[in-house]
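Below is one structure, written out as structure tokens; the observations come after it.
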Amino acid sequence: MLELDLTARLGNFALEAKFSCETTGIVALFGRSGAGKTSVVNMLAGLTRPHRGRIAVNGTVLFDSARGIDLPPERRRLGYVFQEGRLFPHMSVRRNLSYGYTRIPAAERSIGFEHVTDLLGLADLLGRRPGDLSGGEKQRVALGRALLANPRLLLMDEPLAALDQPRKEEVLPFIERLRDTLALPIVYVSHSMAEIVRLADTLVLLSEGRVEAVGTIEDLTSRLDLRPLTGRYEAGAVIRAEVVGQDEAFGLTELRFAGGGLWVPRVEAPIGTELRIRVRARDVALARERPRGVSILNMVPCRVEDIGAEAGPQVDLRLNAGGAALWARITRRSLAKLQIVPGARVYALIKAVAIDRTSLGRGAGRFLAGPAEGNLEE
Amino acid sequence: MNPLAPITPLEWEALRLSLWVAIWSVAVSLPFGVLIAWVLARTEFPGRGLLNGIVHLPLVLPPVVVGYLLLVLLGRQGPLGRLLFDWFGVSLPFTWQGAALAAGIMAFPLMVRAMRLSLDAIDRRLEAAARTLGARPVAVFATVTLPLMAPGIVVGVILAFARALGEFGATITFAANIPGETRTLPLALYSMIQTPGGEAAAFRLAIVSVIVSLAALAVSELLARRLQARLAG
């Protein structure tokens, strides 16, 4: 359980962040830049002090202004992976990794050196210096260094933001692997919905120093009132689905969700695996009748629940597909032409290829990245 | 007298004494230099500007004034000098230790400035990262701050050493010009110029000074480059 109640003055706005949530899996702190995400994490770590408030992790109070408790960062036992890595330039990778490890009593070292170097594929880097590492390697070492301090909670502040897409793809499986194999709660700061869908279970939405909502990713992404915060371009629904079949010949995987079947590009996961997928509103088209002779594989019967009121040429519609929420973004012109009103029955047309790897969440990652120890034998 | 003749035992003694005094002055002031550099770079307190001024005073004050103030303060009748003598039986004026003190004080601002520059260049976020990894502030200083400021320490030490080698005004005022005790290279050179027929010896001493200074510069350059390469990245 992570309990946070912070009041602080940050430049031109007041931070008043209060939330509590379970610390199973990854908790994502999401918000635009300047929303106060990094400030919240720095206060959690003890690097900056809130004006007033309380911080507790799984019952251990780290800060409580009312009781005069303010543990210094070195006694909070929170691992921190910074956006820029912050590896010590004068130490080898090995010494960087063992920096925190050697500072904790041997009895408390539940995550060992070999375990971490295996998990993160660091064995070949140990003798090198941070200056000789690529951006992705640096972040993996930073991750290992934080893990080896055997923290009670791992903080990750936009650990991928400084990396280009290929480097991101290189580091992401490692984060998924540690989420799936270590029972370590993680607070993950990001402004990328794609990363969050792929990694996180719980979402904390932050805006201008305030917590706007806390909940599951599925719930928060389907709320129209949060749309300005969750982002318009990236807007979409997150739905839970189960793998029900593999089409070897065409390289497709069949999923089943509340609204019916769904074909997606092949996912390396056994039948029965639960996945979380994100379907962006701009990848969903609508038809009044089941169309014929089109290439689109997925046609999901839905009922229109709500029509967004934004001005402009396009409009977002919330659809109910057998209980699951879907979003569609169409032009205002089509809306008028098809005479779509709330309650109307429509078919949501979803291109299978629009659901790519970055749209696949927990569970998928575990199998796409291979089993924890599988591909590490050297 | 032949200016190219090998240096005489007297000149050799002046060189040896100079090195001795300079090494001691640097060795003793080094920890204070690191401490003061850290205090000036990292802390904020009411008397900080005053401290900064005092540390830099020898840089702008005529060296003779510094020597005179030392004499007033540390002479047998001076407030500090009397205490030193009564308690420890130590008297600094007219001793090589006194010469080292005078040289150390004159060189101190150069040492502190070089260290402070390197401290200011350290990414403090690295220190914050070390704290999150369980290191107390003292451990952070020893394992992160100090190694990262090493190039500045080397530069500061070499600059201070060179300055101490060349120190004249404060030394002659506070420690006088006693052969074998406080007659360092510059003082010996000065004495030779004052002595009829000492021109050749003075010239040789000048050449020795140039060689020692160049050697110090070369060593500093080499060390700084090595450290810089180690810290790159």
If we ask which residues in region B:215-233 are part of a helix (DSSP H, G or I), within 14 Å of chain A (Cβ to nearest Cβ) and either touching a helix residue (DSSP H, G or I) at 6+ places or on another chain (Cβ under 9 Å) or not small (Gly, Ala, Ser) (or both), their number turns out to be 5
Tell me the helices (runs of 4 or more DSSP H) entirely within region B:118-214 that contain at least 3 residues that are open to solvent by 40 Å² or more (accessible area, probe 1.4 Å) and away from chain A (no Cβ under 12 Å). B:150-166, B:185-194
What's the total number of residues in region A:222-260 that are part of a loop (DSSP other than H, G, I, E, B), open to solvent by 40 Å² or more (accessible area, probe 1.4 Å) and modelled with pLDDT of 75 or more? 5
Pick from region A:102-119, criterion assigned to a loop (DSSP other than H, G, I, E, B) and more than 8 Å from chain B (Cβ to nearest Cβ), ranking: surrounded by the most Cβ atoms within 10 Å (Cβ to Cβ): A:Ile111
Residue under evaluation A:Thr102, criteria (1) in contact with a helix residue (DSSP H, G or I) (Cβ under 8 Å, 6 or more places away or on another chain); (2) modelled with pLDDT under 95; (3) under 19 Å from B:Gly134 (Cβ atoms), criterion not met: (1)
Find all pairs meeting these conditions: Cβ atoms under 6 angstrom apart; at least six residues apart or on different chains; first residue within region A:320-336 and assigned to a strand (DSSP E or B); second residue of a type in the set (S, T, N, Q). A:Ala325/A:Ser222; A:Arg329/A:Gln314; A:Thr331/A:Gln314
Assess whether A:Thr48 counts as being touching a helix residue (DSSP H, G or I) at 6+ places or on another chain (Cβ under 8 Å) and either assigned to a loop (DSSP other than H, G, I, E, B) or farther than 19 Å from A:Tyr80 by Cβ (or both). yes
Can you tell me which residues in region A:261-285 are out of contact with any Ser or Thr (no Cβ under 7 Å at 6 or more places or on another chain) and outside any strand (DSSP E or B)? A:Glu268, A:Ala269, A:Pro270, A:Ile271, A:Gly272, A:Thr273, A:Ala281, A:Arg282, A:Asp283
With respect to A:Ala149, determine if the residue is within 27 Å of the chain's Cα centre (by Cα), buried (at least 20 other Cβ atoms within 10 Å of the Cβ) and in contact (Cβ under 8 Å) with a residue 40 or more places away in the chain. yes
What's the total number of residues in region B:72-129 that are under 24 Å from the mean Cα position of the chain (by Cα) and on the phi > 0 side of the Ramachandran plot? 1
Residue hits (region A:122-146; without any contact (Cβ under 8 Å) to a residue 40 or more places away in the chain, open to solvent by less than 30 Å² (accessible area, probe 1.4 Å) and in a loop (DSSP other than H, G, I, E, B)) are A:Leu122, A:Leu126
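For (1) surrounded by fewer than 18 Cβ atoms within 10 Å (Cβ to Cβ); (2) in contact (Cβ under 8 Å) with a residue 24 or more places away in the chain; (3) part of a helix (DSSP H, G or I), each residue gets a yes or a no:
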{"position": "B:Glu11", "(1), (2), (3)": "no, yes, yes"}
{"position": "B:Ser18", "(1), (2), (3)": "no, yes, yes"}
{"position": "B:Trp24", "(1), (2), (3)": "no, yes, yes"}
{"position": "B:Ser29", "(1), (2), (3)": "no, yes, yes"}
{"position": "B:Ile36", "(1), (2), (3)": "no, yes, yes"}
{"position": "B:His56", "(1), (2), (3)": "yes, yes, yes"}
{"position": "B:Tyr68", "(1), (2), (3)": "yes, yes, yes"}
{"position": "B:Val72", "(1), (2), (3)": "yes, no, yes"}
{"position": "B:Arg76", "(1), (2), (3)": "yes, no, no"}
For B:Glu127, state whether it is of a type in the set (Asp, Glu) and modelled with pLDDT of 95 or more. yes
The condition from (1) at pLDDT 90 or above; (2) not in a loop (DSSP other than H, G, I, E, B) that B:Phe94 misses is numbered (2)
Search region A:41-57 for residues being away from chain B (no Cβ under 14 Å) and open to solvent by 10 Å² or more (accessible area, probe 1.4 Å), and hand back the single one that is nearest to B:Arg124 (Cα to Cα). A:His51
Going residue by residue through region B:104-111, is there one that turns out to be more than 14 Å from chain A (Cβ to nearest Cβ), farther than 30 Å from A:Thr102 by Cα, among the small types (Gly, Ala, Ser) and without any contact (Cβ under 8 Å) to a residue 12 or more places away in the chain? no
Which of the numbered conditions does A:Thr38 fail, given that it passes all the others? Conditions: (1) open to solvent by less than 40 Å² (accessible area, probe 1.4 Å); (2) within 13 Å of another protein chain (Cβ to nearest Cβ). (1)
With the first residue restricted to region A:80-101 and required to be more than 9 Å from chain B (Cβ to nearest Cβ) and among the acidic types (Asp, Glu), and the second required to be open to solvent by less than 30 Å² (accessible area, probe 1.4 Å) and not in a loop (DSSP other than H, G, I, E, B), Cβ contacts under 7 Å at 6 or more apart or on different chains are none
When every residue in region A:58-79 that is in a loop (DSSP other than H, G, I, E, B) and either under 21 Å from A:Val27 (Cβ atoms) or among the hydrophobic types (A, V, I, L, M, F, W, C) (or both) is compared, the one farthest from the other protein chains (Cβ to nearest Cβ) is A:Ala66
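The values are calculated or read from the model by the stated rules, or taken from the named source; none is laboratory data. What you are looking at is a predicted structure, and each value in this text was computed from that prediction instead of being measured. We place every Cβ from the backbone using ideal geometry, glycine too, and count neighbours over all the protein chains shown. These accessible areas exclude ligands, DNA and RNA; they are computed on the full protein's heavy atoms, side chains included. Shrake-Rupley method; radii C 1.70, N 1.55, O 1.52, S 1.80 Å.
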